[in-house]
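Here, each number is a calculation from the coordinates, and none is a lab measurement. None of these values were measured; they are calculated from a predicted model. Note: ideal-geometry Cβ built from the backbone for every residue, glycine included; neighbour counts use all protein chains shown.
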Amino acid sequence: MQFSRMILIAMGLFVSGCATIGRDGRNQAVLIQSDPPGAEIILDGKSVGQTPKYIFVPREKSPQLTLRRDGLSKDVELKTKYRWGASFFSNLVFYIGAPVGWLVDFASGSAWNPQDPEVTRFKPDTAVSLDEQSIDDSLPPITTVAIAPPNAENLELSNAAIPVLKEAVSERQALFGYKLLPYDETLPQFLHRGYDFDASGSEDEKRFLYQSLNTEGVWHSSFVRDGDSMKLQAKLEDTRTRKIADELDITLDPSDERSRAYAQGFNLFTLPNAVTFSLTTQYFTYDRPNDGSISLQAADTRQWWQKGLQYVSALSITNLPTYRPERSGRWSVNFIPILRVSRRDLVANGSQEVDGQEFTRWLAAVGYGPEIGYQVGRHFFYFDLVLNATWTNISWMNGGQEVTVARSGFQTSLEFGYLYSINDIWSVRLFAASFPENSEAWREALRKTSNGTIGSQAEGAANNSTAGISLGFNFEPFLVRTFREKIRKAPPVIPTTPYQASRF
């Protein structure tokens with residue numbers, strides 16, 4: 001038990017300082033502008049580009065940089081704000097190590113969020129007052145453009161709009177001469193920064209996105225109903241000024257409602273995307289109707305690898321929700337898969353016939369079932385009800401010989417808990433659950449070890465109540481990625497009428 005407490009404290013200290021160890025903890029993307037544009041940006045003595053440009057600035061209380069143009073040099077000090085969500089509250093979730101996390105964030109500068117500085121003027125103030133549009137007018141034309149995922153009712157409808165939007169944007173591309181980046185190549189960056197079929201990134205996430213894309217324009221689009229018809233409204237945002245540079249209205253045919261209903265239903269089914277290692281406290285019992293319960297407690301093992309398996313009690317492959325920064329709260333219903341492997345060394349107590357008898361139990365389970373959850377940003381609260389096909393192997397020593405009982409069957413597992421996403425890859429989960437145990441296998445094992453006095457009748461049930469913490473690692477296996485690409489390439493067909501450009 002002391003070892004378990006030490007592990008929990010270590011985990012708390014590890015995940016504390018979340019603003020530091022999390023994604024983008026050391027840097028913040030900011031937009032640097034000058035009037036007129038074209039000023040050289042000097043950061044830490046190095047040239048990092050010319051204005052207007054998104055650059056990474058190290059997080060600290062008062063970051064500084066220098067702009068140079070036409071022989072003039074101006075120092076720029078960036079204002080900062082305290083990161084209440086990423087530093088204070090994220091560390092507070094893991095209260096054991098919160099003070100350490102806060103100190104680490106302040107010492108490293110990760111507690112601060114640099115803001116976009118004001119436009120640095122290289123013209124007299126009188127010239128600025130006469131020409132407020134001087135920055136926009138002096139900018140070179142947009143040369144590179146990306147397309148954001150269309151905002152829609154469900155994923156399949158968003159995917160179905162992509163070829164229609166590409167066609168419309170391609171004609172605008174020919175008209176204005178900019179380069180259109182391949183959608184399949186830029187999509188992962190959008191998803192990484194909080195975009196989805198029903199969500200857009202926060203302002204901070206957009207800065208990071210525009211810096212990584214290195215584009216001057218991004219097409220944003222969303223579906224709107226206009227009477228009996230449906231339109232896809234698209235707007236080209238100039239990332240340098242955050243103003244709208246072009247607009248499109250694309251009229252769509254909404255007649256195939258059934259295809260969208262099917263797409264919504266299909267979204268319920270998910271595929272594995274994570275592997276988790278669980279540290280648990282488990283309570284095993286074999287409950288007999290008239291003779292009380294036999295408890296199965298953790299045995300005192302000698303081998304180091306056996307001790308490790310006692311604490312790392314289960315390895316699972318399952319589906320964990322995708323972290324989307326700054327996403328507003330929403331409910332979700334999914335069907336999730338799970339593959340679980342567990343090994344435990346147990347000793348029986350509670351009945352004179354089997355007291356002190358040691359067992360080794362292996363469990364393998366493959367399950368699928370509904371999950372109801374509520375997600376807001378990094379936080380996910382959930383309840384699972386999963387039907388599992390299980391294989392149980394129970395072995396023990398009798399007269400110097402190993403005796404084994406193996407059974408397969410179907411059991412239902414229940415689990416509820418809380419998941420915190422540290423970043424896109426790592427997550428921590430606190431949970432309580434009832435995992436499946438094969439009562440027939442335990443009846444047979446107890447019957448043999450008690451010379452038939454226990455478990456001789458079809459009575460009694462084996463139970464496994466579990467509470468613990470798990471560390472999850474998200475992955476995107478090749479087969480899953482290939483399957484999703486096939487889905488994206490075969491969306492419901494949405495016929496279109498000629499689109500209209502509302503601005504040229």
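Which cross-chain or sequence-distant (5 or more) residues have an amide H under 5 Å from the amide H of Glu216, H modelled 1.01 Å from N in plane?
The answer is Thr143, Thr144.
If amide hydrogens are placed 1.01 Å from N in the peptide plane, which non-local residues have theirs closer than 5 Å to the one on Arg26?
none
In whole Hz, what ³J(HN,Hα) sequence does the range 182-187 give by Karplus (6.51, -1.76, 1.60; θ = phi - 60°), x for Gly and Pro?
Calculated HN-Hα couplings, in order: x, 4, 4, 7, 8, 3 Hz.
Tell me, what is the FRET efficiency for Ile425 and Val366 to the nearest 0.05, using R0 = 30 angstrom and their Cβ-Cβ distance as r?
For Ile425 and Val366, the calculated efficiency is 0.75.
At a Förster distance of 22 Å, what's the computed FRET efficiency of Leu414 paired with Asp300, Cβ-Cβ distance as r, to 0.05?
0.15
What spacing in nm lies between the two simple spin-label points modelled at Glu153 and Arg330, each 7 Å away from Cα in the Cβ direction?
Roughly 1.4 nm, to one decimal.
If amide H atoms are built 1.01 Å from N in the plane of the peptide, which residues on other chains or at least 5 residues away come under 5 Å of the amide H of Arg378?
Glu326
Stretched out fully, how many nm does the piece from Val347 to Arg447 gain, at 0.36 nm a residue minus the Cα gap?
Separation in residues times 0.36 nm, less the Cα-Cα distance, equals 34.5 nm.
Could you derive backbone 3J(HN,Hα) for the range 374-391 from the dihedral phi with the Karplus parameters 6.51, -1.76 and 1.60 (θ = phi - 60°), listing whole Hz in sequence and x where the residue is Gly or Pro?
Values per residue, Gly and Pro as x: 10, 10, 9, x, 7, 9, 9, 10, 8, 9, 10, 9, 10, 8, 10, 8, 10, 10 Hz.
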